[in-house]
Amino acid sequence: MNHSHFDFAEARQNMVENQLRPAEVNHTQLIEIMRALPREECVQPSQREMAYADINLPLSKERFLSEPRVVARLVQLANINPKETVLIVGASTGYLAAIINLLEANVFAVEENELLSSQGQKFCEKYADTVSWHTGKLSEGYASSKPYDVIFIDGAITKIPSNLTDQLAENGRMITVLKQEGQASNAVKIEKTTNGLSTITCFYANLPLLQEFKD
């Protein structure tokens, strides 16, 4: 498909004004990153003109690029500080990893699908070149560089994986979408304290289930 006449910069601007701001995304640096980062390079060529629509775009048979509004709200929820160490689980084609790296965090990205991993690594090398990229099982995280201040699981899960919460630093937080049977799927923040884990349900978020975490 020829995209030479499609204005991706305008599409990014419309995404900010029509999706992010109405959803109370007000983190100035995050907005400017998403206004500039070419999300269209994270999808298949035939999908590029849909890259900024408020939908989850399929990347493979079972994997999706999460919709922009949800991505922005999850990142804002994490309240990332510069120099924090962040693990992205299910990094796919690199969009979320690049955003968080551009927020000045130290990012480790893990992706299991080899084709998506290759695409994500190339995207990050181009736009966020200090992301440390690893191809491996999502359910294992990346213990070699623990503990993490923040762990993102980019997709919905049905229960909190204890082997990943074990990789959190004290006072660290995990950000993901929890989809339990008979309940709406919601963004959650899991905080690790000296007394254990606390789970805060934050807002409705419809992301596809990550099959790698399916029971």
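Confirm whether SER139 is part of a helix (DSSP H, G or I) and within 16 Å of GLN211 (Cβ to Cβ). Taking the combined requirement at face value, the residue satisfies it.
The set of residues from the stretch 157-172 being touching a residue at least 24 places away in the same chain (Cβ under 8 Å) and within 17 Å of SER139 (Cα to Cα) comprises ILE157, THR158, LYS159, ILE160, PRO161, ASN163, LEU164, THR165, GLN167, LEU168.
Listed by first and then second residue, the pairs with beta-carbon distance under 8 Å, at least 6 apart or on different chains, first residue in the stretch 21-39 and at pLDDT 95 or above, second surrounded by 12 or more Cβ atoms within 10 Å (Cβ to Cβ) and not in a helix (DSSP H, G or I), are GLN29/LEU103; LEU30/LEU103; ILE31/VAL25; ILE33/LEU103; ARG39/ALA51; ARG39/TYR52; ARG39/LEU65.
In this structure, is SER60 touching a strand residue (DSSP E or B) at 6+ places or on another chain (Cβ under 7 Å), part of a loop (DSSP other than H, G, I, E, B) and within 20 Å of ALA156 (Cα to Cα)?
When the stated conditions are applied, SER60 does not pass them.
When residues in the stretch 40-53 are screened for being in contact (Cβ under 8 Å) with a residue 40 or more places away in the chain, out of contact with any strand residue (DSSP E or B) (no Cβ under 8 Å at 6 or more places or on another chain) and not hydroxyl-bearing (Ser, Thr, Tyr), 4 of them pass.
What residue, of ILE151, ILE160, is surrounded by 15 or more Cβ atoms within 10 Å (Cβ to Cβ), under 13 Å from the mean Cα position of the chain (by Cα) and not aromatic (Phe, Trp, Tyr)? Only one candidate passes the filter, namely ILE151. Please count how many residues of the stretch 59-68 are over 15 Å from ASN14 (Cα atoms), of a type outside the set (A, V, I, L, M, F, W, C) and at pLDDT 95 or above. Summing the residues that are over 15 Å from ASN14 (Cα atoms), of a type outside the set (A, V, I, L, M, F, W, C) and at pLDDT 95 or above in the stretch 59-68 gives 1. Quick one: what pairs do we get from the stretch 89-110, first residue in contact (Cβ under 8 Å) with a residue 60 or more places away in the chain and closer than 12 Å to TYR142 by Cβ, second in a helix (DSSP H, G or I) and of a type in the set (Gly, Ala, Ser), C-beta under 9 Å, 6+ apart or different chains? As it stands, the answer is VAL89/SER139; ALA91/ALA97; ALA91/SER117; ALA91/GLY120, since those pairs meet every condition given. Against the conditions (1) at pLDDT below 95; (2) of a type outside the set (Asp, Glu); (3) surrounded by fewer than 20 Cβ atoms within 10 Å (Cβ to Cβ), ALA169 satisfies every one except (1). When the stretch 106-136 is filtered for residues that are surrounded by fewer than 18 Cβ atoms within 10 Å (Cβ to Cβ), among the charged types (D, E, K, R) and either in contact with a Ser or Thr (Cβ under 9 Å, 6 or more places away or on another chain) or not in a loop (DSSP other than H, G, I, E, B) (or both), the ones remaining, listed by number, are GLU114, LYS122, GLU125, LYS126.
Only residues that are surrounded by 12 or more Cβ atoms within 10 Å (Cβ to Cβ), of a type outside the set (Val, Ile, Thr), out of contact with any helix residue (DSSP H, G or I) (no Cβ under 8 Å at 6 or more places or on another chain) and more than 25 Å from SER145 (Cβ to Cβ) were counted in the stretch 179-203, giving 4.
The values are calculated or read from the model by the stated rules, or taken from the named source; none is laboratory data. Worth saying up front: this structure is predicted, and the values here are computed from it rather than measured. Cβ coordinates were reconstructed from backbone atoms using ideal geometry, including for glycine residues, and neighbour counts include every protein chain displayed.
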